Amino acid sequence: AQSVTQLDSHVSVSEGTPVLLRCNYSSSYSPSLFWYVQHPNKGLQLLLKYTSAATLVKGINGFEAEFKKSETSFHLTKPSAHMSDAAEYFCVVSDQSDYKLSFGAGTTVTVRA
Amino acid sequence: NAGVTQTPKFRILKIGQSMTLQCTQDMNHNYMYWYRQDPGMGLKLIYYSVGAGITDKGEVPNGYNVSRSTTEDFPLRLELAAPSQTSVYFCASRNIIMNTEAFFGQGTRLTVV
């Protein structure tokens with residue numbers, strides 16, 4: 001079975017500084033990996049996805065992530081945080097064993113003015 | 001396209017009551033999922049379906065039932081509501097053949113009192 005560990009439960013950054021959210025995964029197959037964002041009392045929005053194409057994936061709102069098979073990681077970055085980035089972020093893994101989506105526990109991002 | 005539609009958006013149940021959470025998708029996706037979200041816990045898989053007539057348990061199926069009589073609909077049934085089922089419920093669908101991301105509904109906030 002596949003699984004995900006988000007290494008930080010909470011990240012606090014100043015506006016205009018870089019954001020790094022860390023995600024490690026476990027999968028016996030070639031995984032598909034996703035980052036979703038959830039703003040307070042809202043649904044889940046896809047930021048970006050990796051599905052075995054380019055290992056550096058660009059998403060919406062300036063976010064990107066790099067798939068590193070040797071490190072089993074899929075960290076999410078953004079060069080410059082904006083106040084609107086304050087939200088909960090989920091790393092998700094899926095593979096062809098059963099195509100379930102396994103979620104990490106989430107990382108809460110706070111952006112200081 | 002409406003995407004994934006969940007009803008109702010909010011519901012308060014008394015202990016022991018039953019209800020059905022409705023989920024409909026109009027994208028002709030084969031896979032559908034039900035998740036529950038509790039604070040700080042990420043999303044946990046309740047049930048999923050690989051196509052009409054086929055369903056399987058996820059991580060936390062106890063107290064719930066599902067059916068999938070059509071490609072479009074995947075209702076979740078709570079037979080005897082308990083306070084532990086107070087949560088936010090999300091339905092999702094996905095095209096496994098195209099290996100797309102999962103598309104989520106807006107969620108149902110359920111409180112059992």
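Odds and ends about this structure:
- Heavy-atom accessible area for residue B:60, with the other protein chains in place and a 1.4 Å probe, reaches approximately 50 Å².
- When +1 charges are put on Lys and Arg Cβ atoms and -1 charges on Asp and Glu Cβ atoms, the dipole computed for segment B:11-113 relative to its Cα centre reaches about 280 debye.
- For the protein assembly as shown, share of DSSP beta bridges that run antiparallel, in % to the nearest 5: 90 percent
- Peptide A:36-43 shows a mean partner chain C-beta count of 3 within 10 Å per residue C-beta.
- J(HN,Hα) series, segment A:53-63, from Karplus relation 6.51 cos²θ - 1.76 cosθ + 1.60, nearest Hz, glycine and proline x: 9, 4, 6, 9, 10, 9, x, 7, 6, x, 7
- Estimated vicinal HN-Hα couplings, Hz - segment A:101-113 in sequence order (Karplus 6.51, -1.76, 1.60; Gly, Pro = x): 9, 9, 9, x, 6, x, 10, 8, 9, 10, 10, 8, 6
- Summed over both chains, the area buried between B and A is near 1700 Å², taken from the accessible surface of protein heavy atoms with a 1.4 Å probe.
- Of all accessible heavy-atom area on segment B:1-40, the percent that carbon and sulfur account for (1.4 Å): 51 percent
- Average accessible surface area per residue within the protein assembly as shown, 1.4 Å rolling probe, Å²: 47 Å²
- Given chain A, longest segment not containing exposed loop GluC sites (Glu not before Pro) (DSSP; at most 16 other Cβ within 10 Å): A:16-70
- Peptide-level mean, for B:90-99, of C-beta atoms on other protein chains within 10 Å: 2
- For segment A:1-111, the fraction of 1.4 Å probe accessible surface lying on carbon and sulfur atoms is 49 percent.
The values are calculated or read from the model by the stated rules, or taken from the named source; none is laboratory data. Because the structure is predicted, anything quoted here is derived from the model rather than measured. Here Cβ is always computed from backbone atoms with ideal geometry, including for glycine, and neighbour counts include all displayed protein chains. SASA here: full protein model, heavy atoms, side chains in, ligands and nucleic acids out. Shrake-Rupley method; radii C 1.70, N 1.55, O 1.52, S 1.80 Å.
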